[in-house]
Structure formats: C-alpha cells, structure tokens
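Novice: The structure's right below; bear with me while I get my questions together.
The values are calculated or read from the model by the stated rules, or taken from the named source; none is laboratory data. Computed from a prediction, not measured in an experiment: that's the story for all the values here. Positions of Cβ are backbone-derived with ideal geometry, glycine not excepted, and every protein chain shown enters the neighbour counts. Calculation scope for accessible area: heavy atoms of the full protein, side chains included, ligands and nucleic acids excluded. Shrake-Rupley method; radii C 1.70, N 1.55, O 1.52, S 1.80 Å.
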There are 2 protein chains.
Amino acid sequence: MSIVVVGSVALDSITTAAGTRPQLLGGSATYFTLAARRFTNVRLVAAVGQDIPKKVLSSLRHPDVDLTGLAVLPGQTFRWEGRYSDDFTSRTTTGLFLGVFETFQPHIPPAHRKCSTLFLANIDPRLQGLVMSQVQRPRLIGVDTIDHWIRNQRDVLLKLLKHIDVMFLNEEEARLLSQASSLKAMGAWLRKLGPSIVIIKQGWYGAAGWIGSSMVWVPAYPVDNTVDPTGAGDAFAGGVLGTLDRARRVDASTLRQAMLCGSVVGSFCVEAFGVSGLERLTPARFAKRLGGLKQIAGVRG
Amino acid sequence: MSIVVVGSVALDSITTAAGTRPQLLGGSATYFTLAARRFTNVRLVAAVGQDIPKKVLSSLRHPDVDLTGLAVLPGQTFRWEGRYSDDFTSRTTTGLFLGVFETFQPHIPPAHRKCSTLFLANIDPRLQGLVMSQVQRPRLIGVDTIDHWIRNQRDVLLKLLKHIDVMFLNEEEARLLSQASSLKAMGAWLRKLGPSIVIIKQGWYGAAGWIGSSMVWVPAYPVDNTVDPTGAGDAFAGGVLGTLDRARRVDASTLRQAMLCGSVVGSFCVEAFGVSGLERLTPARFAKRLGGLKQIAGVRG
C-alpha cells in the first residue's frame, strides 16, 4: 500500500492574527504528505529550486516518505505570501512567485508508476492529466482543485474528473463548479462528473461526503485556537486518502472513518504555523482526538 | 408536560430567489409554536393587532396549541419585510413596523404560570425577565436572542442568562457576545454565563451544543432546495425544546436526539415560504428524515 502524491512544495510567508512567519515549508503536496504518512507510505513528486534551505526540507525526511520524485532544479522555489483576516474567514495572497513551478512538468519515477493510491494535489489540471498518463491505474485516484482552475481550465478539469475516484473541493469551489445552491444538489451534480466519492470541505464546520447512495457528514474537530489554517484542506485529504489506502474496501462506513481521521489531522495542522502543527501529532494524541470527535458526532466505535 | 412560549407573532413580507410573498404569518413565537407542537403541548403568549386577518391566524389553531395568551389589541400587528440574497447567506430588513409590539408587556395567564418548559423567544431581554418573574420555576427555561439585544441590552441579557437552562444563538451572535474566536471557546464562555446547555446554530451546517462535560454536534438535514429560511432557527428551537420537554432526563444523549429533531423540523421550515413548510410536516415524513439524518451523521438508534 502506498500513495503517490503530485503537487507543490513551496516556501510560504504567512501572516495571521497570531503573527507573521517567513520562509515556512509549504505547498499542497507537503501538507498532504505529512498527513498521509501517518497512515501509509507516501511517495512525493514535486519540484523545488536550488535555493531551498536544507533545514526547511528536512521536515519532509521521514522513513515513510520517499523523496525520490522530489526534483531539485536550477532556479528558485515556488513562494507564496498570504495574510488571513483575524477571524480566518478570508485570506489575501499578497505575493506569488512561481519560480521552478512555472515550467514544472511532473515526471513520475519508474519505481512509482505502480501504486495503490494516487493523489493529484492542486496544480494545473493539464499537469494532473499528464501524471495520470504516466502511472498504471491505481485502485484510487484522488484530486483536489481550486477556483482558479475551475474558472480557467474548466473543460480540462471536467474531462479529467471522468477518471477520478475521490474528488475534494471546498464549498465555494463546489458552488462555482456546479452552479447549484444546496449542498445536496452540489454533491449530486459533482458525482455525475465521474468521481464515485465527492467530498466537500467546509472549513471549521466539517465536511460532507457522498458514496454510493449514502451521504456522510463529519464535524471538524473543535480546536481551542486556530493559529494558521494554511494546508488544512490538504492535511484533511491526506488523512482521508491515507486511511482509505489501507482500507480493505471503500464503503460509507470506511469513508466516515477516513473523514473523521482527516478532520483530526486537519485540527493539528491549524494549531501552529506551517507544518509544525502536523509535527506535534503523535499516535496517542491522534487517538485521543479521534475518540473525542466520535463522541461529539455520536458515532459508535 | 407543556411549553409556554413568549415572543412575537407577526405579518411578514418576504423576498427570496424563489419570489415574493406578502402578509405571511410570521414571528419567533409562531415558528417555535408550530414546531414544538409536534412534540408537546404549547401555550403561546404574544400580542397581535386587530388588523390581523382571521385566515392568517388560523394556521395557529391546533388542538395542541393553547392561544389563551394571544392578546388581540387595538392597533396594528408587528410587520417585518425582508429580502434574502440569492444564496441565502445574508438578509436585509427592508421594512419594520412594530405596531402593538412597541408597547407589548407580556402577561402570563394564571393557568399558564405552572409549566414544565418556558421558552423566551427573541424579544427585549427586559421583557424576557418580566416573563420569568410571572411563572413558577419550570424544569427548563430556554432563551433566544439576537445581535440587537447583545449590542443594546448586554447587561440585562447577562443578568437574565444566570437563570437560563438552554441558550440558543447563532454563530455571529455567539462571537459578538463572547468575543471568542473558536467555536469551543465560544461554547465554554457562554456556559460560564449560567446556561447548563448552550446551542450555537450554524444555519445549513448544523448546530453545536454543550451539556455537562460533553459537546454534541449535529448536521443540518440537507434539503433539495431552500425557498425561505425565515423562522428556521425558531423552528429548530421548537424541535429541541419540544423533545427535551418530554424527555425524562436531559443528558448528552437526549440533547443529541433533541438537536436531530430540531434539525429535521428546521429542514421542513426552509422548504416553503412562511409557515407552510411546517404545515407539510407529517409524522411519517418526520420519521423518514430523522432516520436519514442519523445515517448521514452515523448516529446509532
């Protein structure tokens, strides 16, 4: 069992009510990897520039993370600079420098072409399609996207979704793509595009998922204090797909379990700047929160 | 077992994406009553003007609703005119005429002064206090309020809350009152004010409740199409307190059951203009949705 994830590894500068932190390790593939590795082996495919500080990259070095596919290219690392409103309801991108990411063409190392799960983290859907053409059909293919691609690469995205098993997107993106007004209508519309599982992320409210004829709803784990929500959606996806990758079969019950795990992993993510929240996650802390979340949700087991 | 509810009975003119409807029966006590009567007997205390059309008022006439406390006073009925944004995320009050409500002094008929549950629907907290002084201590006292009173009668409200068992408010109101940023901190802060149960309503996401050392979270029942969300919060409160009024004891498990019932009742409310959605509720339809919601939430039983 292993997940190949393709996406971005970045240097983030983040400002929230809790302060400003420059030069943090970030990127969609980074957060996904550091969450999913708690459940299964992860093989990361991305590109960074030669300018990336070694110390920053060390956060990705773990026995359960394979970095063979992380290319270090001449040039600069993708940088993102953002600021959150004090109540975390909105964020503004104050700086964006693509660097080596501008010409990034994902190349899946031969040893990675056979995997049980593939996650296409948020990148250009044309590149997501390129990745799919390089691998043997995995048991599960997950995808995440953002409003930018929904607006600018809608047709490519719709074509891609025909081959996807698990689609992640947030509520505004689901509304933008489906033009539906109710959550139920969004879920139904999105599933018609191809994915057998659709998961709409709703931030601190939780997430709604659909599989077969079932809808599954899980709350977000209630944290004392949000410090930095960056990457929480990717960490959630990592928890979900990490759990599903190890599940013998995928049904409403395993999807609920996976979403509960994703919710717990996401809660660690938001409690500190960058990936440091995910680094605080231990098996004991995870189990305690998972039990607590099940009690809150009234879920047995 | 019976609930006395004190609040407003109004004539609403409502515009949503689905159209405009003038002269609808509305008001906080109305929605609460028509929801709670599905679970227990309700005694309504409110005032309307002599101008209220008999036909409009007929929606309140049911064997399980006692209208002894509904005063018909010389003057005009409280009128509210509002418009919702197409996605229902905001609403604007376009007209407000207090009429007899301006000088409303709730008078609890002697026969109503002994009840098992009292619900103080959204009115001036000074009047809510006046009501409490007229009744024998019920087993449960519930209260709802809005941002207007939090801003303008904060001290009166805080004093009142010391005697309250179940407090309902929406998330923005909870934030305004507590100045806390996380849901968990809001719940903890509000419970320190007095209420042993705090319920934060989160619209189409669901609701979070606290009792003893437990937090309880239930999703909103996902409807196909929202037509008019007016009164959904009061209908939810009616479902919750209607269920709790009949429960032998109130603990986390009964609170969850009550909130699930409130969520289902609220879902009927939003599906049609005014109270007509609540009128479509039958025991069979209710049971079907309650079962469906439990499956979505993964709750046993």
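Novice: With solvent modelled as a 1.4 Å probe, how much accessible area in total do chains A and B shield from it at their shared surface, in Å² to the nearest 100? Mind showing how you got there, number by number?
Specialist: Working: alone 13480 and 13450 Å², together 24440 Å².
Heavy-atom accessible area buried at this interface is about 2500 Å².
Novice: Efficiency by 1/(1 + (r/R0)^6): what FRET value for A:ASN225 and B:SER58, r their Cβ-Cβ distance, R0 = 45 Å, to the nearest 0.05? Please report the intermediate quantities before stating the final value.
Specialist: Values: r = 52 Å, r/R0 = 1.15.
Working from the Cβ atoms, E equals 0.30.
Novice: Rounded if a/c is under 1.5, else prolate if a/b beats b/c, else oblate: with a ≥ b ≥ c from the C-alpha gyration tensor eigenvalues square-rooted, which is the range A:1-105? Could you put the intermediate results ahead of the total?
Specialist: On the way: a/c = 2.04, a/b = 1.37, b/c = 1.49.
Verdict is oblate for the range A:1-105.
Novice: Can I ask one more? Kindly rank A:233-245, B:269-281 from highest to lowest mean number of other beta carbons found within 10 Å of each residue. Spell out each step's value before the answer.
Specialist: Working: A:233-245: 28.9, B:269-281: 21.2.
Per-residue Cβ counts within 10 Å, averaged per peptide and sorted highest first, yield A:233-245, B:269-281.
Novice: A further question on this structure: Quick check on the range B:95-197: take the gyration tensor over C-alpha atoms, sort the square-rooted eigenvalues as a ≥ b ≥ c, and tell me if it's rounded (a/c under 1.5), prolate or oblate. Please report the intermediate quantities before stating the final value.
Specialist: Values: a/c = 2.45, a/b = 1.31, b/c = 1.87.
Oblate.
Novice: Separate question: What share of the DSSP beta bridges in the protein assembly as shown is antiparallel, in percent to the nearest 5?
Specialist: Details: 47 of 113 bridges.
Of those bridges, close to 40 percent are antiparallel.
Novice: Now for a separate question. Can you grab the distance from the C-alpha centre of the range A:11-52 to the C-alpha centre of the range B:8-53, Å, no decimals?
Specialist: 53
Novice: Remind me, relative contact order of the range B:189-290 in percent, using alpha carbon pairs under 8 angstrom and six or more residues apart?
Specialist: Working: 162 pairs, mean separation 25.5, N = 102.
Dividing the mean separation by the residue count of the range B:189-290 yields 25 percent.
Novice: Return the FRET efficiency for the residue pair B:ARG285, B:HIS107: r is the Cβ-Cβ distance, R0 is 35 Å, and the value is rounded to the nearest 0.05.
Specialist: About 0.45, to the nearest 0.05.
Novice: Counting Lys and Arg as +1 and Asp and Glu as -1, what is the net charge of the other residues whose Cβ lies under 12 Å from the Cβ of B:THR254? Mind showing how you got there, number by number?
Specialist: Numbers: positive: B:ARG246, B:ARG248, B:ARG249, B:ARG256; negative: B:ASP245, B:ASP251.
Within the 12 Å Cβ shell, the charges total +2.
Novice: Here's another thing I want to ask about it. Taking 7 Å along the Cα-to-C-beta vector as the label spot, tell me the A:LYS159-B:ARG151 distance in nanometres, rounded to one decimal.
Specialist: Going by the 7 Å Cα→Cβ label model, 5.2 nm.
Novice: While we're looking at this one, here's another question. With viscosity set to 0.890 mPa s and temperature to 25 °C, compute the Stokes-Einstein D of chain B, Rh being the Kirkwood radius across alpha carbon pairs; µm²/s, no decimals. Intermediate values should be presented prior to the final figure.
Specialist: Details: Rh = 19.0 Å.
The diffusion coefficient I find is 129 µm²/s.
Novice: Also: Over the range A:17-108, calculate the relative contact order: mean separation of alpha carbon pairs under 8 Å at least 6 apart, over the residue count, as a percent. Mind showing how you got there, number by number?
Specialist: Details: 133 pairs, mean separation 25.6, N = 92.
RCO, the range A:17-108: 28 percent.
Novice: Dipole of the range B:10-104, Cα-centred, from +1 at each Lys and Arg C-beta and -1 at each Asp and Glu C-beta, to the nearest 20 debye? Don't jump to the answer; show the numbers that get you there.
Specialist: Details: 10 positive and 8 negative charges, 55 e Å.
With only Lys, Arg, Asp and Glu charged at Cβ, the dipole is about 260 debye.
Novice: Something else: Using DSSP, restrict attention to beta bridges with both residues in the range B:134-219 and report what percent are antiparallel, rounded to the nearest 5.
Specialist: Working: 11 of 19 bridges.
Expressed as a percentage, antiparallel bridges in the range B:134-219 total about 60.
Novice: Right, here's the next one. List the distances, in nm to one decimal, from the label point of A:SER196 to the label points of the same position in every other copy, shortest first, placing each label point 7 Å from Cα along the Cα-to-Cβ direction.
Specialist: Here the equivalent label points are 4.9 nm apart from this one.
Novice: Over the range A:7-69, what is the percentage of antiparallel beta bridges among all DSSP beta bridges, to the nearest 5? It would help to have the intermediate numbers written out before the result.
Specialist: Numbers: 6 of 9 bridges.
Restricted to the range A:7-69, the bridges split so that about 65 percent are antiparallel.
Novice: Just want to confirm a number: the relative contact order over chain A, from Cα pairs under 8 angstrom separated by 6+ residues, in percent.
Specialist: Details: 670 pairs, mean separation 53.6, N = 301.
Relative contact order for chain A comes out at 18 percent.
Novice: Taking the Cα centre of each part, how many Å lie between the range B:219-288 and the range A:201-275?
Specialist: 27
Novice: Still on this structure, please answer the following. Please identify, among A:PRO109, A:PRO63, A:PRO229, the residue showing maximal mean-square fluctuation in a Gaussian network model of chain A using a 10 angstrom Cα cutoff.
Specialist: The residue with the greatest mean-square fluctuation here is A:PRO63.
Novice: Next up: Is the protein assembly as shown best put as rounded, prolate or oblate by its Cα gyration tensor, with a ≥ b ≥ c the root eigenvalues, rounded for a/c under 1.5, and otherwise prolate when a/b is larger than b/c, oblate when not? Don't skip to the end; give the middle numbers.
Specialist: Values: a/c = 2.26, a/b = 2.15, b/c = 1.05.
Note, shape of the protein assembly as shown comes out prolate.
Novice: Among the listed pairs A:LYS288/B:LYS162; A:LYS294/B:LYS184; B:LYS162/B:LYS184, give every one whose C-alpha distance is greater than 22 Å. List each step's numbers first, then the result.
Specialist: Numbers: A:LYS288/B:LYS162 33 Å; A:LYS294/B:LYS184 16 Å; B:LYS162/B:LYS184 20 Å.
From the list (A:LYS288/B:LYS162; A:LYS294/B:LYS184; B:LYS162/B:LYS184), the Cα-Cα distance tops 22 Å for A:LYS288/B:LYS162.
Novice: Another question, then. Sort out for me the Cα centre separation of the range B:150-179 from the range B:106-141, rounded to whole Å.
Specialist: 17
Novice: Still on this structure, I have one more. Excluding A:SER178 itself, what net charge comes from residues whose Cβ is under 12 Å from its Cβ, given Lys and Arg +1 and Asp and Glu -1?
Specialist: Numbers: positive: A:ARG154, A:ARG175, A:LYS184, A:ARG191, A:LYS192; negative: A:GLU171, A:GLU172, A:GLU173.
Neighbourhood net charge equals +2.
Novice: Based on DSSP H runs of at least 4 residues, each adding -39500 (n - 2.57), what is the mean residue ellipticity at 222 nm of chain A after dividing by all its residues, to the nearest 500 deg cm²/dmol? List each step's numbers first, then the result.
Specialist: Details: 11 runs with 105 residues, N = 301.
The helix-only estimate for chain A comes to -10000 deg cm²/dmol at 222 nm.
Novice: What aspartates and glutamates sit close enough to B:LYS192 to cross-link, taking a C-alpha to C-alpha distance under 19 Å and skipping anything fewer than 8 places away on the same chain?
Specialist: Cα-Cα hits under 19 Å: A:ASP224, B:ASP144, B:ASP155, B:ASP165, B:GLU171, B:GLU172, B:GLU173, B:ASP251.
Novice: Treating the beta-carbon of each Lys and Arg as +1 and of each Asp and Glu as -1, no other charges, what is the dipole magnitude of chain A about its Cα centre, to the nearest 20 debye? Walk me through the numbers before you get to the answer.
Specialist: Details: 34 positive and 23 negative charges, 219 e Å.
Dipole about the Cα centre, nearest 20: 1060 debye.
Novice: Could you pull the copy-to-copy label distances for A:MET1, with points set 7 Å along Cα to Cβ, in nm to one decimal and sorted shortest first?
Specialist: List, nearest first: 4.5 nm.
Novice: Hey, another quick one. Given label points at 7 Å from Cα along Cα→Cβ, what nm distances, shortest first, separate B:LEU127 from the same residue in every other copy?
Specialist: So the distances to the same position in the other copies read 6.0 nm.
Novice: In a shell of Cβ-Cβ distance under 11 Å around A:GLY26, excluding A:GLY26 itself, what net charge do Lys and Arg (+1) and Asp and Glu (-1) give? If you can, show how the numbers build up before the last one.
Specialist: Working: positive: A:ARG21, A:ARG79; negative: A:ASP12, A:GLU81, A:ASP228, A:ASP234.
Residues close to A:GLY26 contribute a combined charge of -2.
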